[in-house]
1. Has the stretch 3-13 got at least one residue that is part of a helix (DSSP H, G or I), within 28 Å of residue 127 (Cα to Cα) and within 14 Å of the chain's Cα centre (by Cα)?
2. Go through (1) over 19 Å from residue 89 (Cα atoms); (2) modelled with pLDDT under 90 one by one and return the number of the condition residue 14 breaks.
3. Residue 64 is checked against (1) crowded, with 18+ Cβ neighbours inside 10 Å; (2) basic (Lys, Arg); (3) without any contact (Cβ under 8 Å) to a residue 40 or more places away in the chain and fails just one. What number does that condition carry?
4. So how many residues does the stretch 99-128 have that are in a helix (DSSP H, G or I), modelled with pLDDT of 90 or more and surrounded by 11 or more Cβ atoms within 10 Å (Cβ to Cβ)?
5. If I ask for residues that are surrounded by fewer than 21 Cβ atoms within 10 Å (Cβ to Cβ) and in a helix (DSSP H, G or I), which ones from the stretch 32-61 would you list?
6. Has the stretch 135-144 got any residue that is closer than 20 Å to residue 30 by Cβ, surrounded by 14 or more Cβ atoms within 10 Å (Cβ to Cβ) and not hydrophobic (A, V, I, L, M, F, W, C)?
Amino acid sequence: MIDSGEIEILLVEDNPTDLELALRVFKKHRIANRIEVARDGVEALDFLFGEGAHASRGTVVIPKVILLDLKLPKVGGIEVLRRIKGDPRTRAIPIVVLTSSREEKDLLESYQLGVNSYIVKPVDFDQFSECLRDIGMYWLLSNTPPKIHAPQ
């Protein structure tokens, strides 16, 4: 999915059903032209920092927003959030936690680490679709982000 175009969304999601739905919603509403998908925490970090399987891509192109599930294999979402917000090269990238976790400790820790928004995934298909549409519309069309310099 990598080319020279600007990446608008990094979608970090391991659930194939939620992933497929998200991609369909974004396509249907023409919300994002460029979506990169990471299916676990390691893949997300490798993509952002140009390491591992993504070492050859460099880090010039970074996402406008990251949609991050917390319950991920290999490296959990909280640790991914900690690494992104702890690095000055990626700290300013907006992150929306989109998770099934209603645990107060996850909510609190996410905000303490600097998440921009925490959304519990709606169970209802139509509500989930509407939620994703609204996220995309706000973070890609309404929000005014700072100029972010890609990690070096």
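1. There is no residue in the stretch 3-13 that is part of a helix (DSSP H, G or I), within 28 Å of residue 127 (Cα to Cα) and within 14 Å of the chain's Cα centre (by Cα).
2. The failed condition is (2).
3. All conditions pass for residue 64, except number (3).
4. The qualifying residues number 9.
5. Passing the criteria: 42, 46, 49, 52, 53, 54, 55, 56, 57.
6. Yes.
The values are calculated or read from the model by the stated rules, or taken from the named source; none is laboratory data. Because the structure is a prediction, the values reported are computed rather than measured. For neighbour counting, all protein chains shown are included, and Cβ atoms are generated from backbone atoms with ideal geometry for every residue, glycine included.
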